[in-house]
Structure formats: structure tokens, C-alpha cells
Amino acid sequence: MSPRPEGRYEFVVVANRLPVDRVEEPDGRSDWRQSPGGLVTALQPVMQQADGAWIGWTGAADEDLEPFDHSHMRLVPVRLSGDEVEKFYEGFSNGTLWPLYHDVIVPPTYHREWWDSYVTVNRRFAQAAAEQAAEGATVWVQDYQLQLVPAELRRLRPDLRIGFFNHIPFPPYEIFAQLPWRRQVIEGLLGADLLGFQRGQDASNFLRACRRAVGLTRRGHTIVVRDPQGRSRRVHARAFPISIDARALDRLARSEETRERVKALRSELGDPRLVVLGVDRLDYTKGIQHRLKAYGELLEDGRVDPSEVVLVQVATPSRERVEQYRLLRDEIELTVGRLNGDHSTIGLPAVHYLHHSYPREEMVALYQLADVLLVTSLRDGMNLVAKEYVASRYDERGVLVLSEFTGAADELTNALLVNPHDIQGVKDTIVRALQMPEREQARRMRTMRKRIIEYDVARWAREFLHALRHPEDE
Ligand code: ADQ
């Protein structure tokens, strides 16, 4: 039985996390602050126009909270128990799906209790969305933690238009086939009307998985599925590469405060001639070890002189309760320690390693400071850091070294593209970047900036929602 559509929201986002973080006020009370992410910035105008609700978890276990209003949105917290945080979130989402969808860089773990928890929690999110959505509303489900929500939601509320966007890659079938619950995942996703992926390759991998796992063949971007009532329904799957709020970053980069901060940072680094920057969540998909190996060899060979060039590596704390992430952190910090032991002098470290989160303003100052940005992901859905760097370089200076295994590489073809596994190639490319004439820097940067400014995150959201609401155009 479908519940009567009694919710009142015309636009509902369903994501693992709510778009707010808890902050402690000086008087001891706690309050909510909008998270800095691009997704919320992109969706806020849609939220305000359409009377929107956002369904997600607060990030804390065992918390029962009533829905509340914040930043012109209705926020609807979904409760996760401590056991579910372990099995659904750290387990199935981050220990099974994350490595499986990123080319099995580390082996995924398959546990039936994790899967059971994933099913239970996905049902809970779908139920919450079903309760909030108005008759015929648009619901947009986000990311790999919630792949069963589309079908469950359709079962509860066949009147809704349901979209799904996958922020991470969708793997080739030969890898996806390992998943003991591959059929259920595909069926879960096929509950949507429109499935968005970062690259064309991800959409093709998904369409191929539909044929191999559930025997449904595609016509172009479309698959025809039969609902239990025997009606047929069309599901579209294609690429909608996510982007950033490029104009806001450009403005911030040009501000007087940023310029002052860049000067201060440069002097704090000992006024190096050149700065190389890496900014990543501390994750094994980001290829931080590969980058440090290449950079270490350049110092060793004397092709990079640490009295002239410094490497600044920002490694944002991430998933610290997961064993593999703790090991990775130890490994990276050991390597940085060795490099500095071998190549630093007093007061002049060869590598500045920062394990912190920073406000937007500081990130933009770092981007402005960097002559070269290194992105060496082994696999990455998009990589917004690369796009943020380009958006911040209004001066058309700086060189982006970009892994070809990122979604961003499809669009930023004027970056210096590298295969991060090819250490010799990465070394040569870093040297080429450090020596690139200003005219060539400007030529490459200009083309990349044009793309990012035209195709920003607002356009991404607009195009996805247009395609969701006007399937006849597909
Ligand atoms: P992530 O794997 O988190 O995202 P990325 O796209 O690079 O990777 O986004 C990271 C974001 O965090 C950027 O906006 C960056 O500025 C910010 N950030 C990083 N370090 C920070 C720090 N120390 N302080 C403050 N902010 C920091 C997943 C997928 C990606 C995909 C995005 C969006 O893995 O492939 O691009 O979702 O879809």
C-alpha cells in the first residue's frame, strides 16, 4: 500500500549527510552552520524557489532530532545507531562500495551484516523522503551510500519524479561483478527516472551492468524497465559532470584580503621561488604516495632544489575510524618525515605537511600561491580541487598537473595530464610544469577557465533537473 502523499515539499534532496555542521557556541550551546560544500550552494536557489526539504544524517550516532528549518530549507534528520554507523557507513559504504567503485585499489570487504544494515538504512531514508514529498514532487537522491533509495521510494510513492546522481565512478562490469548483491544494487538504481554520472564512461559502465546483471538492454542512454504492475517505464543514464561555484572563487581570489594572505603565506614559507601544492582528502584513491615518491626522487636526483622549490601537501583528515585510513596516514607521514630528514635544512622544510581542514579563504590563498598544483588520483569521480585551482587563477598563472584517471581530465584537457602509476612520467611532468613559460601557462589556463566558468555547479544542477523534469528531451 502506498501512503497517501501528504508531505508538502515540491523538491526533496536525499543525501547521506545534512548540509549543516554542528558548531559549539562560546556560551556552550550548540548550533548549526551551513557546510562549505558545493552541493548545497548549487541547490540552495532551487530549494528556495521550490520549497525544498533535505533529508540526511547529522553525522552523530544515536541522535533523535525533529525536522528543523535552516538556511531557507527544511532539514529532516535521519537517525543512525552506533551499530549502523559501523555497518552501513564505515562498513558497506566505505569498506565495500568505496574501494569496489575505485578500481579495487584496496580490496573491498564483503560482509552480509554490512549489507543487511545498508538495506535497512536505505529503506529508512526512502521512508523519510516519502513522508516529506508533495504529490508529484521531484526527489534528487545523492551518491553511493543510497543506491537502493530510488526503487524503495518508487514502491512507496509511484507519483514522484526521482533522480539519482553518483559522485564517484561507476566501475567496469568485470569489477562490479564481484559484488554479491550486484543485482539488488542495479535494481535499486533503476527505480530512478534519471541517473547522472560524472563521466560518459561511468554511464556506459552502468548501462552495461544492467545488461549483464539483470538482462536489460539499452537503447542509447535509455533502458526500459517493467514495474511490478506490468507498466513499462524509461530510465535514462548519462553524464552530468559536477562543477564548482567558479565565479565566487574567482571573486574571493581577487580580494584584497586574499592578496595580503598570499604575501604572508609566501613569507612564512621562507620566500621560495616556486611552490608546488597538493590538496586532498587523506584517501588511498588520491595517489598521495605516488606523488611523494615522484617528488622525493626529484629531490634525490637534484632535479628539484629544496632551497628554491617547496612542496605544500594539505591532507584533510578523513574516515579516521577505518583501519585502512589510519594505516595510510601513518605511511604518508613516515614518507614526509623521511623526505624532510633527507632534504630539509633548519627553518626550511622541503615538504610542508598539513593535516587540517581550512576555511575557503585559506584554500584560495593556497591556490593563488601555488605555481604548480598536483592532482595524482588513481581514480576520482571528478576532483573538485583541480577545478577550484583553475577558478582561483584569474591571473592566468600556474600549471595544473592532472591525473588522467579523474573525471576532471575529460574537461580540463589543457592541463598536463599524467598517469600517476608512471613515476618517471610524473617526475618529468613536474619538471616541465616548474619550467613552463608564462605565455604557455596563460594559454592553457585561459582555455580551462573558460570551461569552468561556463559550466559551473549551478548549470550542472539546472541541466540535471531539466533532464529529470523533461524526459521527452532525452
Ligand atoms: P572528494 O573525494 O571529497 O569528493 P574532491 O572532489 O576533490 O574530492 O572534493 C574535495 C573538496 O574538499 C574540495 O571542495 C576541496 O576544496 C575541499 N577540501 C579539501 N581539503 C580541504 C581542507 N584541508 N580544508 C578545507 N576544504 C578542503 C567526492 C568524489 C570526487 C567528486 C566530489 C564531488 O570523490 O571525485 O569530485 O565528490 O562530486
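The values are calculated or read from the model by the stated rules, or taken from the named source; none is laboratory data. Everything numeric in this text was worked out from a predicted model, so none of it was measured. Quick reminder, even Gly has a Cβ in these numbers, built from the backbone with ideal geometry, and neighbours come from all protein chains shown. The accessibility values were calculated without ligands, DNA or RNA, using every heavy atom of the protein model including side chains. Shrake-Rupley method; radii C 1.70, N 1.55, O 1.52, S 1.80 Å.
A few comments on the model shown:
- For the peptides 186-195, 107-116, 454-463, 380-389, the ranking by mean Cβ contacts within 10 Å, running from highest to lowest, is 380-389, 186-195, 454-463, 107-116.
- Rolling a 1.4 Å probe over the protein heavy atoms gives the chain an accessible area of 43 Å² per residue.
- Förster radius 51 Å - calculated FRET efficiency between Ser35 and Asn419, Cβ distance, rounded to 0.05: 0.95
- Descending by average beta-carbon neighbour count within 10 Å, the peptides 356-363, 140-147 line up as 140-147, 356-363, the highest first.
- Residues listed by number, region 145-177, amide nitrogen under 19 Å from Arg123 label point at 7 Å toward C-beta: 145-158
- Whichever lysines have a C-alpha closer than 28 Å to that of Lys387, once near sequence neighbours (fewer than 8 apart) are set aside: Lys263, Lys286, Lys293, Lys427, Lys450
- Whole-Hz Karplus values for region 323-330 come out as 3, 4, 6, 5, 5, 4, 4, 4 Hz, taken residue by residue from phi with 6.51 cos²θ - 1.76 cosθ + 1.60 and θ = phi - 60°; glycine and proline positions read x.
- Anisotropy class of region 246-454 from Cα gyration tensor, a/c 1.5 cut: rounded
- A cut-off of 5 Å between modelled amide H atoms, ignoring neighbours fewer than 5 places along the same chain, links Ala239 with Phe197.
- Nearest 10 degrees, 0 to 90: helix 256-268 Cα axis against the chain principal axis: 50 degrees
- Fraction of accessible area attributable to carbon and sulfur, region 246-454 (%, probe 1.4 Å): 48 percent
- Amide H contacts of Val13: Ala53, Trp54, Ile55, Trp140, each under 5 Å away and 5 or more positions distant or on a separate chain (H built 1.01 Å from N in the peptide plane; Pro and chain starts excluded).
- Full extension of the segment from Arg22 to Asp159, taken as 0.36 nm per residue of separation minus the current Cα-Cα distance, would add 45.9 nm.
- Per-residue ellipticity at 222 nm, computed for the chain from helices alone with -39500 (n - 2.57) per DSSP H run of at least four residues, works out to -12500 deg cm²/dmol.
- Ranked by the mean number of other Cβ atoms within 10 Å of their residues, highest first, the peptides 26-36, 417-427 come out as 417-427, 26-36.
- Near Arg233, once Lys and Arg are set to +1 and Asp and Glu to -1 for all other residues with Cβ below 15 Å from its Cβ, the sum equals +3.
- Prolate/oblate/rounded label for region 1-153 (Cα gyration tensor, a/c 1.5): oblate
- Going by accessible surface with a 1.4 Å probe and the largest first, Ile453, Ile168 read Ile453, Ile168.
- Taking all Cα pairs closer than 8 Å and separated by 6 or more residues, the relative contact order of region 336-474 comes to 20 percent.
- On the basis of the beta-carbon distance and an R0 of 25 Å, Thr316 and Asp69 show a calculated FRET efficiency of 0.25.
- C-alpha long axis of helix 438-454 to longest principal axis of the chain, angle in °: 20 degrees
- A crude spin-label estimate for the pair His470 and Arg212, with each label 7 Å from Cα along the Cβ direction, gives 3.5 nm.
- Residues Arg259 and His355, FRET efficiency given R0 of 22 Å [Cβ-Cβ distance, rounded to 0.05]: 0.25
- For Trp32, the residues 5 or more places off, or on other chains, whose built amide H falls under 5 Å of its own are Val23.
- On Cα atoms only, tilt of 423-435 relative to the major axis of the chain in degrees: 60 degrees
- Estimated distance in nm for a label pair at Arg273 and Arg432, the labels positioned 7 Å out from Cα along Cα-to-Cβ: 2.1 nm
- The share of accessible area on region 126-198 that comes from carbon and sulfur is 46 percent, using a 1.4 angstrom probe.
- Value of relative contact order over the chain, rounded to a whole percent, pairs C-alpha under 8 Å and six or more apart: 13 percent
- Shape call, region 290-360: gyration tensor on alpha carbons, a/c limit 1.5: prolate
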